[in-house]
1. List the residues, sorted by chain then number, that are 5 or more residues from Val163 or on another chain and whose placed amide H is less than 5 Å from its amide H.
2. What FRET efficiency would be calculated for the residue pair Val176, Leu106, taking the C-beta separation as r and a Förster radius of 35 Å, to the nearest 0.05?
3. Could you give each residue of region 30-46 its phi-based ³J(HN,Hα) in whole Hz, using Karplus coefficients 6.51, -1.76, 1.60 with θ = phi - 60°, and x for Gly or Pro?
4. Arranged from highest to lowest average of other beta-carbon atoms within 10 Å per residue, in what order do the peptides 93-103, 167-177, 115-125 appear?
5. Would you pull out the residues with amide H under 5 Å of Thr175's amide H, same chain only if 5 or more places away, H placed 1.01 Å from N?
6. Enumerate the amide H contacts of Gly137 below 5 Å, restricted to partners 5 or more residues apart or on another chain; note that Pro and chain-start residues carry no placed amide H.
7. Give me a comma-separated list of calculated 3J(HN,Hα) values for region 66-78, in order, Karplus coefficients 6.51, -1.76, 1.60 applied at θ = phi - 60°, integers in Hz, x for any Gly or Pro.
8. GluC sites (Glu not before Pro), restricted to region 66-163: which are DSSP loop and have at most 13 other Cβ atoms within 10 Å?
Amino acid sequence: MKDQFPAWTQQWLDVLLPAGQIVLILIAAWALRAMGRHLIKRVSQRYNLLPQVAVGGRRLLGFLVSFGALLLILERFGVSGTILWTAFTGFAAVGAVAFFAAWSVLSNIFCTALILTTRPFRLNDHIELLENGEKPGLKGQVVDINLIYTTLQECVDGKSSSVLQVPNNLFFQRTVRRHLPARGGANPTAIHTQPQTIAAYPGVAAGPAEQTANRRYGLPDA
């Protein structure tokens, strides 16, 4: 077909033909996107779909049409669409695996930012994590907050016994109880062990025989 044109137009054809094809691809992509948006609008109005569903459908349609048009344009420049698609799917798979592998770390970092901005508790506060409703859980004094953990210091009988390193995302999965400062500077989250007490056995109130038994066993007379 190029042989039918004059020789001086050959170099221009090498530029004009790809440019014309690119313009046609862009026009077809615009028309397809407009038709798809109109169809989504009619379907959403007919079946009373939620606005979020219609917006999501329009965004997905726009992404697919734009990505397809980009592949066709790159193919006009000599880039193979198959190679591009293979590379894109490979990078997407690697990125998805890396994202899920580091999800726990990323969630802790994000929750750290939320803790520092919303400030559900601060340093030196006495807090408690409730497992289920009023069921007691982890508790102690906040002594450190880093990107991954929040360190709680436990106190048993007025003495520092151990520290707990709680992942920051756990504070958004449990109910957090924040204790107000106690009177006299007492530790509201301190753990008190119950001492064993021996109840005194009163003596038996009776006659001389009972009094003799009381004296034998060291019991006071009732």
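Derivation of every value follows stated rules applied to the coordinates shown; laboratory data play no part. Not measured: the values here are computed from a predicted model. For neighbour counting, all protein chains shown are included, and Cβ atoms are generated from backbone atoms with ideal geometry for every residue, glycine included.
1. Here Glu154 satisfy the definition.
2. The pair Val176/Leu106 has a calculated efficiency of 0.95.
3. 5, 5, 5, 5, 5, 5, x, 5, 5, 5, 5, 5, 5, 5, 5, 6, 6
4. Descending packing order for the listed peptides: 167-177, 115-125, 93-103.
5. For Thr175, whose amide H was placed from the backbone, the distant partners under 5 Å are Leu130.
6. Answer set, sorted by chain and number: Leu129, Glu131.
7. 5, 5, x, 5, 5, 4, 5, 5, 5, 5, 5, 8, x
8. On the way: sites: Glu75, Glu128, Glu131, Glu134, Glu154; in loops: Glu131, Glu134.
Counting only loop positions with at most 13 other Cβ atoms within 10 Å, the GluC sites (Glu not before Pro) in region 66-163 are Glu131, Glu134.
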